Amino acid sequence: MALSNRYIKLINSLSIRKYRKKHQIFIAEGSKLVLDLINADMEIESIFATQEWIDEKKEISANISQYINIVNEQEIKKISKLSSPSSVFALFKYQHYVLNGDIFDQKRTILFCDEIQDPGNLGSLIRSADWFGIDTIVCTKNSADCYNPKTIQASMGSIARVKVFYCEIDDFFGILPEEYHVLGAYMEGEDVSKFPFKKESVLIIGNEGKGISLGVEKYINHKISLPQSKSPNKSSQAESLNASVAGSIILYELSKHLK
């Protein structure tokens, strides 16, 4: 199938949030990422692949042949968002989740992203949450889109295993059970390596530049932080850590208490 200009225009429009939301589909590129999403049973809209990729992945491609469109490398370049286009490009359908009290049934730990703006940071946090056994993320409505191509790329397939909810701040905390710890990541707070984490926790990571908003801060009952190195052989000049790096380290510390 040769890609029509109309279809190319549709695919290119999916770089913009409002069009992704309108069509309820998102982009995934690269063989590993696409295969991860297929194996996780993400609902497929369309797959565009070279004949070489189809031949290499015969066992998988045979099972999804109804979704596959054969294209050449030049056509892939027209729709790819990567600097080095892959031999496969896919469109998957949105997953739909409803935020309600059921998310607390298993007393699960929840990651809360407060106005995270960078799609790559959000994707990295999704991937880290998946790695450390956390399957639920709640984002404020003005946070980056979990279906942004950069978020999907950074999550490396974890988007299929981690549920991401978007909601108003008060709507979430209004249904949060009282036994939950609400932990805010700050520059100054209790040392995460010594903090008595428990499973029933909400970990809040704030905006990259402004930190945690006042609307969220009022719900926090514990401020935690990552102390800088005190090694006599090292003088730290960094003012802060990247949001996804800090979040990932805290998730590691928290995960020790989830077993």
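Taking the conditions (1) assigned by TED's automatic domain parsing to the domain that holds Ser213; (2) under 20 Å from the mean Cα position of the chain (by Cα) in turn, Gln106 satisfies each one other than (2).
Residue by residue, here is whether (1) of a type outside the set (A, V, I, L, M, F, W, C); (2) in a strand (DSSP E or B) holds:
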{"position": "Met42", "(1), (2)": "no, no"}
{"position": "Ile47", "(1), (2)": "no, yes"}
{"position": "Asn63", "(1), (2)": "yes, no"}
{"position": "Gln74", "(1), (2)": "yes, no"}
{"position": "Lys78", "(1), (2)": "yes, no"}
{"position": "Phe92", "(1), (2)": "no, yes"}
{"position": "Val98", "(1), (2)": "no, no"}
{"position": "Ile103", "(1), (2)": "no, no"}
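Does the range 112-129 contain any residue that is among the β-branched types (Val, Ile, Thr), part of a helix (DSSP H, G or I) and in contact with a helix residue (DSSP H, G or I) (Cβ under 7 Å, 6 or more places away or on another chain)? There is at least one residue in the range 112-129 that is among the β-branched types (Val, Ile, Thr), part of a helix (DSSP H, G or I) and in contact with a helix residue (DSSP H, G or I) (Cβ under 7 Å, 6 or more places away or on another chain). Listed by position, the strands (runs of 3 or more DSSP E) inside the range 130-218 whose residues that are in contact with a Cys (Cβ under 9 Å, 6 or more places away or on another chain) number at least 2 are 136-140, 163-167, 201-205. Flag: Lys150 matches the condition of being under 10 Å from the mean Cα position of the chain (by Cα), surrounded by fewer than 22 Cβ atoms within 10 Å (Cβ to Cβ) and either within 30 Å of Asp55 (Cα to Cα) or of a type in the set (Val, Ile, Thr) (or both). Summed over the range 23-59, the residues that are surrounded by fewer than 16 Cβ atoms within 10 Å (Cβ to Cβ) and farther than 23 Å from Asn148 by Cβ give a count of 6. Applying a threshold of 6 Å to beta carbon distances and a minimum spacing of six or more residues, or different chains, the list of pairs starting in the range 116-128 at a residue that is under 12 Å from Asn207 (Cβ atoms) and ending at one that is part of a helix (DSSP H, G or I) reads Ile116/Leu122; Asn121/Ala243; Asn121/Ser244; Leu122/Thr151. Scanning the range 1-40 for residues that are over 19 Å from Glu52 (Cα atoms), assigned to a helix (DSSP H, G or I) and among the polar types (S, T, N, Q) returns Asn5, Asn12, Ser13, Asn39.
Considering only residues in the range 35-76 that are in contact with a helix residue (DSSP H, G or I) (Cβ under 7 Å, 6 or more places away or on another chain), modelled with pLDDT of 90 or more and among the polar types (S, T, N, Q), the one that is nearest to Gln24 (Cα to Cα) turns out to be Ser46. Is at least one residue of the range 122-138 out of contact with any strand residue (DSSP E or B) (no Cβ under 7 Å at 6 or more places or on another chain), modelled with pLDDT of 95 or more and among the acidic types (Asp, Glu)? Yes: one or more hits.
The values are calculated or read from the model by the stated rules, or taken from the named source; none is laboratory data. Bear in mind the structure is a predicted one, so any value in this text is a computation, not a measurement. Backbone-built Cβ (ideal geometry, glycine too); neighbour counts: all protein chains shown.
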